[in-house]
Amino acid sequence: MQMKQALFKANLENNGDAVVVSDIDGGIVFWNAAAKNMFGYSFEEVKGKDPHDILTPASNREFAKHSKAAYASTRKSNIMGAFIRLRALTKNKNKIDVDLQINSVELDSKVYIYTFIRDVSDMVELEKKTDRLINIDALTKVKNRYRFNTDMKWLVTRCQGTAKPLSVGIIDIDYFKSINDKYGHDVGDVALVQFCEMMTSRLPTTAVFARLGGEEIALALPDTDCYEAVQIIEEMRQYVSEQTIKCDSASFKITFSCGLSSLRGAKCMIRSLLKEADKALYQAKEQGRNRTVLFHH
């Protein structure tokens with residue numbers, strides 16, 4: 001048995017991942033060098049302490065302790081052996097992203113919990129950056145065409161299954177080309193950014209707002225019928241017209257035109273919604289711009 005314990009301890013000590021071992025009814029009994037490097041604590045600082053008191057963020061601590069206590073009494077858990085990604089605390093209270101795997105072992109009739117922990121903060125940050133590149137417009141920081149289409153597929157499927165309304169708008173900033181011609185494209189970019197900030201700051205939290213390209217914006221309003229959608233857009237149109245775009249020495253106001261389409265239930269199709277909204281936008285421009293037009297069947 002002593003040989004088994006020695007081999008077990010040597011394997012944990014030399015493991016490249018952080019390894020934390022705790023008595024199932026008590027505190028930490030083993031803490032390898034990788035754990036010290038990752039979290040900043042020496043073994044002497046953590047010996048005998050509940051690992052959740054020092055490594056688990058306060059928001060998750062009670063649940064983690066409850067899960068540990070449940071396993072201690074039943075020896076059953078659906079997380080044993082599974083890989084879990086969560087956040088952990090370091091000695092200086094920084095939160096890091098970690099992948100961990102929890103297992104148990106019995107030595108000298110005592111059960112111990114041992115956890116392999118790997119710092120994946122760099123990988124998580126890379127995933128976030130990749131996600132932003134795929135889904136977010138680089139200039140305005142709102143969703144892009146790809147993400148809008150992805151969200152629309154889900155919204156339309158939901159609409160078809162629940163018979164709840166879905167309204168879609170296509171928006172153009174009025175005379176945007178004139179802004180670029182008069183002030184330059186840099187100022188035009190600032191105007192576009194500030195416009196998107198105005199819109200996203202006041203739209204419903206459930207709205208999907210995206211830049212399709214140029215000054216063309218798409219808006220989806222789930223659970224919103226055509227009359228509610230018109231009211232929302234009209235309030236936004238009035239608000240935007242009262243604001244001033246400022247960039248260096250340039251200062252001016254902008255307006256926008258919007259074409260809206262709204263359908264319900266099984267009749268709701270992405271292509272038809274967008275096509276109808278685009279037709280309504282064309283009508284808004286023909287009627288003098290700075291207005292909202294609802295597509296009529």
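VAL105 passes every criterion in (1) assigned to a strand (DSSP E or B); (2) not assigned by TED's automatic domain parsing to the domain that holds SER67 apart from (2).
Out of THR206, THR224, one residue alone is touching a residue at least 24 places away in the same chain (Cβ under 8 Å), assigned to a loop (DSSP other than H, G, I, E, B) and either of a type in the set (Asp, Glu) or within 25 Å of HIS296 (Cα to Cα) (or both). It is THR224.
For the residues ALA220, ALA210, ALA229, ALA280, the requirement of being at pLDDT 95 or above, touching a Gly at 6+ places or on another chain (Cβ under 6 Å) and small (Gly, Ala, Ser) singles out ALA280.
Do the conditions hold for PHE256, that is, is it closer than 28 Å to VAL156 by Cβ and among the aromatic types (Phe, Trp, Tyr)? Answer is yes for this residue.
Taking the conditions (1) among the hydrophobic types (A, V, I, L, M, F, W, C); (2) within 23 Å of the chain's Cα centre (by Cα); (3) surrounded by fewer than 16 Cβ atoms within 10 Å (Cβ to Cβ); (4) not assigned by TED's automatic domain parsing to the domain that holds GLU215 in turn, VAL98 satisfies each one other than (3). Would you check which residues across the stretch 87-104 are out of contact with any helix residue (DSSP H, G or I) (no Cβ under 7 Å at 6 or more places or on another chain) and of a type outside the set (Ser, Thr, Tyr) and list them? Answer for the stretch 87-104, where residues must be out of contact with any helix residue (DSSP H, G or I) (no Cβ under 7 Å at 6 or more places or on another chain) and of a type outside the set (Ser, Thr, Tyr): ARG87, ASN92, LYS93, ASN94, LYS95, VAL98, ASP99, LEU100, GLN101, ILE102, ASN103. Considering the stretch 1-82, the qualifying helices (runs of 4 or more DSSP H), each wholly inside and each with 1 or more residues that are surrounded by 11 or more Cβ atoms within 10 Å (Cβ to Cβ), at pLDDT below 80 and out of contact with any Cys (no Cβ under 8 Å at 6 or more places or on another chain), run over 2-13, 58-74. Out of everything in the stretch 236-255 that is without any contact (Cβ under 8 Å) to a residue 24 or more places away in the chain and not in a strand (DSSP E or B), what residue ends up being farthest from the chain's Cα centre (by Cα)? Here the answer is SER249.
Between ARG202, ARG147, the distinction of being under 22 Å from the mean Cα position of the chain (by Cα), in the same structural domain as ALA220 (by TED's automatic domain parsing) and surrounded by 14 or more Cβ atoms within 10 Å (Cβ to Cβ) belongs to ARG147 only. Looking for something over 30 Å from ASN37 (Cβ atoms), touching a residue at least 12 places away in the same chain (Cβ under 8 Å) and part of a loop (DSSP other than H, G, I, E, B) - is there at least one such residue anywhere in the stretch 147-156? For the stretch 147-156, residues over 30 Å from ASN37 (Cβ atoms), touching a residue at least 12 places away in the same chain (Cβ under 8 Å) and part of a loop (DSSP other than H, G, I, E, B): absent.
The values are calculated or read from the model by the stated rules, or taken from the named source; none is laboratory data. None of these values were measured; they are calculated from a predicted model. Ideal geometry is used to build each Cβ from the backbone, glycine not excepted, and the neighbour counts take in all protein chains shown.
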